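This report concerns only the one structure given below.
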Amino acid sequence: MNTSLYSLLAQIPLVGIFIWFVLEMMKRYGEERTYRDTQWREFLKDLRDAQNAAVARLAEEIKCIAIEVAQMRESLNRHEINTERRFSGLKRKGVEES
């Protein structure tokens, strides 16, 4: 037989092994990537849920603060009206006595 034929016969199994190796590496990489992507999606879902809960708590806190501010405004308005009534009565007395 020809030496080039022997060389070719020796190279065929090596090429087969190389192809198998490349396919096996691609399969393992795909599995690892799928696993990593699944973990990443779970992390992002947990993060989104935590952020949504935090925003909901902030919204509730802002609502409570807005109610308190409205109550304080009402109280200050009543105080201002009462103060004006009292001072207007004092001013009239002071003007009448002069």
- line: Just one listed residue, out of Arg73, Arg28, Arg36, is under 24 Å from the mean Cα position of the chain (by Cα) and either surrounded by 10 or more Cβ atoms within 10 Å (Cβ to Cβ) or modelled with pLDDT of 95 or more (or both), and it is Arg36
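Do we have Glu84 as exposed (fewer than 10 other Cβ atoms within 10 Å of the Cβ), modelled with pLDDT under 95 and assigned to a helix (DSSP H, G or I) here?
Criteria not met by Glu84.
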- line: Only one of (1) modelled with pLDDT of 95 or more; (2) not in a helix (DSSP H, G or I) does not apply to Met1, and that is (1)
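Would you mind stating whether Leu58 is part of a helix (DSSP H, G or I), modelled with pLDDT of 95 or more and surrounded by 10 or more Cβ atoms within 10 Å (Cβ to Cβ)?
On the way: part of a helix (DSSP H, G or I): yes; modelled with pLDDT of 95 or more: yes; surrounded by 10 or more Cβ atoms within 10 Å (Cβ to Cβ): yes.
Against the criterion (part of a helix (DSSP H, G or I), modelled with pLDDT of 95 or more and surrounded by 10 or more Cβ atoms within 10 Å (Cβ to Cβ)), Leu58 qualifies.
The values are calculated or read from the model by the stated rules, or taken from the named source; none is laboratory data. Everything numeric here is computed off the predicted structure, so don't read it as measured data. Note that each Cβ is placed from the backbone with ideal geometry, even for glycine, and that neighbours are counted across all protein chains shown.
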